[in-house]
Amino acid sequence: WDLDHPPTLDALDTARDAFRQTEWHARPSTREDALSGEQRLTVADPTGGSPVGTVVEATAADVDAAFAAARPWDAPDRAAILNRAADLYEAHHAELFALLAREAGKTLPDCVAELREAVDFLRYYAARVPEAPPLGRVACISPWNFPLAIFTGQIAAALAAGNAVLAKPAPQTPLVAHRAVELLHEAGIPRDALHLLPGGTDPGVALTRDARLDGVAFTGSTGTAQAIRRSLAAANPNAMMIAETGGLNAMIVDSTALPEQAVQAIIESAFQSAGQRCSALRCLYVQSDIAPDLIAMLTGAMDALRLGDPWDRATDVGPVIDPDAQARIAAHIDRARAEGRVRHSVPTPQEGTFIAPTLIEVSGIDALEEEVFGPVLHVATFEADEIDAVIDAINASGYGLTFGLHTRIDDRVQHVTDRVAAGNIYVNRNQIGAIVGSQPFGGEGLSGTGPKAGGPHYVPRFTRSDPPVPGTPWDGRMETEALRA
Ligand code: UN1
């Protein structure tokens with residue numbers, strides 16, 4: 001894209017529309033003929049539309065064959081190849097947007113942001129191709145909520161360092177991953193340096209049990225990260241592991257905050273992408289003297305949110321990923337409703353896996369047992385003299401991904417941000433949408449191991465000359481008690 005003359009959203013909308021009826025029937029593009037799987041996975045459209053397409057699932061035998069064929073690559077023009085892949089992603093934006101909308105239910109602004117992030121990862125890591133030798137064979141296990149950006153970011157970093165990559169996309173979103181891998185190969189990444197292994201738990205388990213594995217980059221739930229850690233400990237205890245996991249992300253709004261700014265930040269942080277971001281706001285703390293007014297503004301803004309078809313430009317909030325997710329989130333809301341704690345909710349389409357943006361009252365973050373990965377916001381109030389107790393409660397959750405603060409007291413900014421343990425802290429703005437390069441993204445404690453994605457320490461971890469340095473903030477986190485469980 002010519003950034004001096006960026007395409008309008010209307011032009012992008014029209015371009016995306018051309019692929020609306022496309023069905024994708026992919027065979028994994030790497031070692032196509034070697035893939036033995038007979039099992040075809042049908043990819044559902046979360047809005048309830050016709051299936052998006054099908055993909056062959058990789059078996060444990062396919063994982064074994066991919067390990068045998070995997071070859072690290074030391075091409076001197078790795079940076080040029082990754083930059084060429086970025087160009088190809090841009091050139092094929094309309095098809096990638098359509099895949100993101102169909103497989104993941106993403107609205108157009110979310111599609112645009114996601115493609116930009118994927119391209120940014122490719123270019124950022126291309127600019128950091130290291131001298132040091134690669135680890136060898138690296139598994140990249142990625143989530144459905146950023147099926148292009150996170151998928152590409154993990155792979156691009158591992159490839160920039162010269163590793164052979166075995167990539168397993170989430171079972172809900174294999175087709176956008178498949179298209180991305182085709183483009184990466186077209187850009188010049190050798191077939192044996194990048195293998196796509198679509199499927200669910202089976203190929204994932206086969207990957208992390210294999211002693212030939214030298215490293216894993218994983219983004220997903222804390223529980224799965226713990227399972228991978230155990231599996232690696234048995235297979236190859238020296239394997240490198242990066243995990244980016246969940247969060248119970250909080251925001252504090254005190255009585256000096258600008259209400260319009262705070263409400264807009266809350267709406268975006270809690271409900272954009274239907275709340276399906278690990279960075280999303282889960283627990284809002286509002287100072288009690290402004291709570292009635294602020295919550296009235298917030299529920300008004302929730303009523304203005306348009307829920308529905310991600311292909312409709314007026315839509316703000318699309319579906320959640322699948323019926324299982326919908327049932328889990330709905331059960332959480334139902335429990336809160338039975339206890340009389342649902343403060344607000346908005347109308348929902350009947351078809352498709354929609355969840356209405358919902359506000360639930362809680363006493364504090366300690367009332368949340370686990371991350372609810374959807375458009376559900378919990379709200380608590382605090383008194384002026386309780387701010388340190390709120391910080392202690394947030395830190396006691398054990399997670400530490402994003403945190404937001406809205407205040408106009410300078411000393412308070414310093415006081416609070418010095419004390420809250422979170423990887424990404426945002427003041428007087430929303431707390432989602434970290435930008436590659438300028439806002440490296442990653443958490444602490446139960447939220448991940450570091451190093452942060454899109455930051456300078458990420459690619460070096462995929463090389464042999466970057467042993468964890470004791471005492472530095474982003475090293476050896478996987479060895480902490482939190483993720484050892
Ligand atoms: C995730 O949701 O798994 O800052 C991580 C953000 C995104 C979050 C991605 N980079 O909102």
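Rule-based calculations on the coordinates, nothing more; no lab input. Source: prediction; values computed, not measured. Cβ sites come from the backbone with ideal geometry, for glycine too, and all protein chains shown count toward neighbours.
Data for the structure
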{"read-out": "Debye intensity ratio I(q)/I(0), log10, segment 12-169, q values 0.12, 0.16 Å⁻¹ (C-alpha model)", "value": "-0.58, -1.01"}
{"read-out": "Top positive-direction residue, dipole computed over the chain with Cβ charges, set Leu405, Ile81, Ala180", "value": "Ile81"}
{"read-out": "All-pairs Cα distance distribution in segment 176-317, expressed in whole percent, bin size 5 Å", "value": "2, 8, 12, 13, 12, 12, 11, 10, 8, 7, 4, 1, 0"}
{"read-out": "Long-range amide H partners of Leu194 with built H, under 5 Å", "value": "Val165"}
{"read-out": "Segment 2-155 - percent relative contact order, Cα under 8 Å, separation 6 or more", "value": "23 percent"}
{"read-out": "Nearest 10 degrees, 0 to 90: helix 60-69 Cα axis against the chain principal axis", "value": "60 degrees"}
{"read-out": "Degrees between helix 291-303 axis and first principal axis of the chain (Cα, 0 to 90, nearest 10)", "value": "50 degrees"}
{"read-out": "Relative contact order of segment 202-361, defined on C-alpha pairs under 8 angstrom at six or more residues apart (%)", "value": "16 percent"}
{"read-out": "Computed log₁₀ I(q)/I(0) - Debye formula, equal Cα scatterers, no solvent, the chain, q 0.10, 0.11, 0.12 Å⁻¹", "value": "-0.73, -0.89, -1.06"}
{"read-out": "Zero-based 5 Å bins, Cα pair distances in segment 81-205, whole percents", "value": "2, 12, 24, 26, 20, 11, 4, 1, 0"}
{"read-out": "Proximal charge balance of Ile266 [Cβ under 12 Å; K/R count +1, D/E count -1]", "value": "0"}
{"read-out": "Three-way shape label, segment 181-263, alpha-carbon gyration tensor, a/c 1.5", "value": "oblate"}
{"read-out": "Highest-first arrangement of 274-286, 202-214, where packing means the average Cβ count within 10 Å", "value": "274-286, 202-214"}
{"read-out": "Backbone HN-Hα couplings from phi across segment 247-258 [Karplus 6.51/-1.76/1.60, Hz, Gly and Pro as x]", "value": "x, 10, 6, 10, 9, 10, 10, 9, 6, 9, 5, 6"}
{"read-out": "Cα-only radius of gyration and Dmax that characterise segment 132-191, units Å", "value": "11.1, 36"}
{"read-out": "Compactness of segment 251-373 - radius of gyration and Dmax, Cα, Å", "value": "14.3, 42"}
{"read-out": "Geometric extent, Cα atoms of segment 340-401 - Rg, Dmax (angstrom)", "value": "14.3, 47"}
{"read-out": "Cα-centre dipole for the chain with unit charges at Cβ (Lys and Arg positive, Asp and Glu negative), debye to 20", "value": "1080 debye"}
{"read-out": "In Å, descending, principal axis extents of the Cα set of segment 310-352", "value": "36, 22, 14"}
{"read-out": "Anisotropy class of segment 320-438 from Cα gyration tensor, a/c 1.5 cut", "value": "prolate"}
{"read-out": "Sequence ranges 141-149, 14-22, ranked by mean other-Cβ count within 10 angstrom, highest first", "value": "141-149, 14-22"}
{"read-out": "Beta bridges per DSSP with both ends in the chain, % antiparallel, nearest 5", "value": "20 percent"}
{"read-out": "Under 15 Å, Cβ to Cβ, from Asp110 - net charge with Lys/Arg +1 and Asp/Glu -1", "value": "-1"}
{"read-out": "Relative packing of peptides 126-132, 113-119, 242-248 - highest average C-beta neighbours within 10 Å first", "value": "242-248, 113-119, 126-132"}
{"read-out": "Hydrodynamic radius of segment 303-382 per Kirkwood, over alpha carbon pairs, in Å", "value": "13.3 Å"}
